[in-house]
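To keep things clear, I will list the structure first and then write my remarks on it.
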Amino acid sequence: RAKAQGRRRYVLFDASMHEEATHALKLENELRIAIDRNQFEVYYQPILCSKEGKPAAIEALVRWRHPTDGLVMPGRFIELATEIGFIKEIDWYVLNRACYQLAEWRQNHPELADLSVTVNLASQHFSQSNLPEQIANVLEVTGLPANALRVEITEHALLDDQEMVQTVLSQLSELGVQLLMDDFGTGYSSLSYLHRFPINGVKIDRSFITNMRGQEEHMAIVKTVKALADNLKLKLVAEGIEDQETQDLLIEMGCDYLQGFHIQRPVNRRVTLEWLLENSRD
Ligand code: C2E
Ligand code: MG
Ligand code: MG
Ligand code: MG
């Protein structure tokens, strides 16, 4: 009887598994084609310096221009791309494009000469000993100075081969590249990571920022992270700002950098440049 039941359960399980596997396989094939045919685009979202109220950086965010589905957001493909090992290729494409683009803008527009670019790198990169060398190479080829590049890493990256990650991050830091901890507060944070690794700043996760005014617990977390950042001499970035009141509160609290739909959504490079020029004037 148990066996029959087991088999029946197996059949049900199998049907949904099959559907999922078919979907994943289709997506995997499409992703392979997307890489071959360069279907990825880089969008940019500005980050304001709260003291000056002007753009200090732009975050590069990948989009997939799917031949039939239109613009596909990273939430729909980054996870699978990571699982099947495509993420590195996508990240290198984004890093190259973003460095090249910013170097060009800095050169051609004096008001953008001090702008930085922030790139998200999947955790797999940080256990590769040649990452600093490869990044140095991208900087050399694109002509972007190292201090204009910020790399966002998530806490997952710090869980792998800690000694290797330590070495890689130290070398990146020596190059002059800034390191930011993304989605801070959502991972398996051990606070000791923050001083063990050469991190320059933390980006508090947007889930705490977006509803911070309505939820005391979120406000308490934001204040605690701010105090932590001050004590460890780290820059604090808030992402997910969706209204003026939240932005004002964060400025009052002394948060260093501000990012969110209220300031500007991620947009293509043409709209980004227009927005940057418009908002960088004295
Ligand atoms: P992230 O690095 O934490 O990026 C911030 C995400 O929050 C972006 O979503 C951005 O559009 C969104 N966001 C910014 N401000 C607001 C706001 O005020 N409200 C709301 N609701 N959302 C806001 P996006 O572009 O869909 O990217 C999602 C995630 O995908 C990123 O989170 C990052 O983890 C990953 N990702 C994006 N591009 C890349 C890439 O080139 N490489 C890698 N490895 N991951 C990437
Ligand atoms: Mg990010
Ligand atoms: Mg984030
Ligand atoms: Mg993230």
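The values are calculated or read from the model by the stated rules, or taken from the named source; none is laboratory data. Remember, it's a predicted structure, so these values are computed and weren't measured experimentally. Please note: Cβ atoms are built from the backbone with ideal geometry, for glycine as well, and neighbour counts cover all protein chains shown. Note: accessible area is taken over every heavy atom of the protein model, side chains too, but ligands, DNA and RNA are not part of it. Shrake-Rupley method; radii C 1.70, N 1.55, O 1.52, S 1.80 Å.
With the structure loaded, tell me whether ARG270 is open to solvent by 30 Å² or more (accessible area, probe 1.4 Å) and over 16 Å from the mean Cα position of the chain (by Cα) or whether it fails that test. Full working, then the answer.
Details: open to solvent by 30 Å² or more (accessible area, probe 1.4 Å): yes; over 16 Å from the mean Cα position of the chain (by Cα): yes.
The answer is yes for ARG270.
Answer yes or no as to whether ILE209 is away from ligand 2 (no atom under 14 Å from the Cβ) and crowded, with 18+ Cβ neighbours inside 10 Å.
Details: away from ligand 2 (no atom under 14 Å from the Cβ): no; crowded, with 18+ Cβ neighbours inside 10 Å: yes.
Spelling it out, it is not the case that ILE209 is away from ligand 2 (no atom under 14 Å from the Cβ) and crowded, with 18+ Cβ neighbours inside 10 Å.
Which count do you get for residues in the range 28-47 that are open to solvent by less than 50 Å² (accessible area, probe 1.4 Å), away from ligand 3 (no atom under 16 Å from the Cβ) and not charged (D, E, K, R)?
The total comes to 6.
Answer with yes or no whether ARG76 is among the basic types (Lys, Arg) and more than 15 Å from ligand 2 (Cβ to nearest atom). Working first, answer last.
Numbers: among the basic types (Lys, Arg): yes; more than 15 Å from ligand 2 (Cβ to nearest atom): yes.
Against the criterion (among the basic types (Lys, Arg) and more than 15 Å from ligand 2 (Cβ to nearest atom)), ARG76 qualifies.
Could you please let me know if GLU104 is within 27 Å of ASP205 (Cβ to Cβ) and free of Cβ contacts under 8 Å to residues at least 12 places away in the same chain? I'd like the intermediate steps shown before the answer.
Details: within 27 Å of ASP205 (Cβ to Cβ): no; free of Cβ contacts under 8 Å to residues at least 12 places away in the same chain: yes.
So GLU104 fails the test.
What about SER173, is it among the hydroxyl-bearing types (Ser, Thr, Tyr), crowded, with 16+ Cβ neighbours inside 10 Å, farther than 15 Å from ALA57 by Cα and modelled with pLDDT of 95 or more?
Against the criterion (among the hydroxyl-bearing types (Ser, Thr, Tyr), crowded, with 16+ Cβ neighbours inside 10 Å, farther than 15 Å from ALA57 by Cα and modelled with pLDDT of 95 or more), SER173 qualifies.
Does the range 130-149 contain at least one residue that is within 16 Å of ligand 3 (Cβ to nearest atom) and open to solvent by 20 Å² or more (accessible area, probe 1.4 Å)?
Narrowing the range 130-149 to residues within 16 Å of ligand 3 (Cβ to nearest atom): none.
No, the range 130-149 contains no residue that is within 16 Å of ligand 3 (Cβ to nearest atom) and open to solvent by 20 Å² or more (accessible area, probe 1.4 Å).
Give the residues of the range 28-47 that are in a helix (DSSP H, G or I) and of a type in the set (Val, Ile, Thr), sorted by residue number. First the steps, then the outcome.
Just the residues of the range 28-47 that are in a helix (DSSP H, G or I), to begin with: 28-36.
Listed by number, the residues that qualify are ILE33, ILE35.
How do the pairs read when you match residues in the range 197-211 that are more than 11 Å from GLN178 (Cα to Cα) and part of a helix (DSSP H, G or I) with residues anywhere that are hydroxyl-bearing (Ser, Thr, Tyr) and open to solvent by 10 Å² or more (accessible area, probe 1.4 Å), using Cβ under 7 Å and keeping only pairs 6 or more apart or on different chains?
From the range 197-211, the pairs are SER207/THR186.
Can you find a residue that is at pLDDT 95 or above and either touching a strand residue (DSSP E or B) at 6+ places or on another chain (Cβ under 6 Å) or surrounded by 19 or more Cβ atoms within 10 Å (Cβ to Cβ) (or both) anywhere in the range 189-197?
Residues of the range 189-197 that are at pLDDT 95 or above, as a first pass: none.
No - not one qualifying residue is present in the range 189-197.
What number goes with the only condition from (1) touching a His at 6+ places or on another chain (Cβ under 9 Å); (2) assigned to a helix (DSSP H, G or I); (3) over 30 Å from GLU41 (Cα atoms) that LEU277 does not pass?
With respect to (1) touching a His at 6+ places or on another chain (Cβ under 9 Å); (2) assigned to a helix (DSSP H, G or I); (3) over 30 Å from GLU41 (Cα atoms), LEU277 is out only on (3).
Could you tell me how many of the residues in the range 51-88 are more than 10 Å from ligand 1 (Cβ to nearest atom), open to solvent by 30 Å² or more (accessible area, probe 1.4 Å) and of a type outside the set (A, V, I, L, M, F, W, C)?
Counting residues in the range 51-88 that are more than 10 Å from ligand 1 (Cβ to nearest atom), open to solvent by 30 Å² or more (accessible area, probe 1.4 Å) and of a type outside the set (A, V, I, L, M, F, W, C) gives 10.
Anything in the range 110-133 that is among the polar types (S, T, N, Q) and within 20 Å of GLU278 (Cβ to Cβ)? List them, or say none.
Narrowing the range 110-133 to residues among the polar types (S, T, N, Q): 116, 118, 120, 123-124, 127-130.
Of everything in the range 110-133, just one residue is among the polar types (S, T, N, Q) and within 20 Å of GLU278 (Cβ to Cβ), namely SER116.
Can you find, within the range 89-128, the residue that is surrounded by the most Cβ atoms within 10 Å (Cβ to Cβ) among those that are over 21 Å from the mean Cα position of the chain (by Cα) and polar (S, T, N, Q)?
Going through the qualifying residues, I end up with GLN107.
Restricting to the range 245-262, name every residue that is within 16 Å of ligand 3 (Cβ to nearest atom), surrounded by fewer than 19 Cβ atoms within 10 Å (Cβ to Cβ) and touching a residue at least 24 places away in the same chain (Cβ under 8 Å).
none
Does ALA136 fit the bill of being touching a residue at least 12 places away in the same chain (Cβ under 8 Å), among the aliphatic types (A, V, I, L, M), touching a Gly at 6+ places or on another chain (Cβ under 7 Å) and away from ligand 4 (no atom under 16 Å from the Cβ)? Even if it seems obvious, please write down each step before you answer.
Details: touching a residue at least 12 places away in the same chain (Cβ under 8 Å): yes; among the aliphatic types (A, V, I, L, M): yes; touching a Gly at 6+ places or on another chain (Cβ under 7 Å): no; away from ligand 4 (no atom under 16 Å from the Cβ): yes.
In short, no.
Among the candidates LEU228, LEU236, single out the residue that is part of a strand (DSSP E or B), more than 25 Å from ARG63 (Cα to Cα) and touching a residue at least 24 places away in the same chain (Cβ under 8 Å). Break it down stepwise before answering.
On the way: LEU228 fails: part of a strand (DSSP E or B).
Step by step, each of LEU228, LEU236 is checked, and only LEU236 is part of a strand (DSSP E or B), more than 25 Å from ARG63 (Cα to Cα) and touching a residue at least 24 places away in the same chain (Cβ under 8 Å).
Select from the range 149-167 the residues that are closer than 13 Å to TYR193 by Cα, acidic (Asp, Glu) and within 16 Å of ligand 4 (Cβ to nearest atom) and list them in ascending order.
Residue satisfying the conditions is GLU155 alone.
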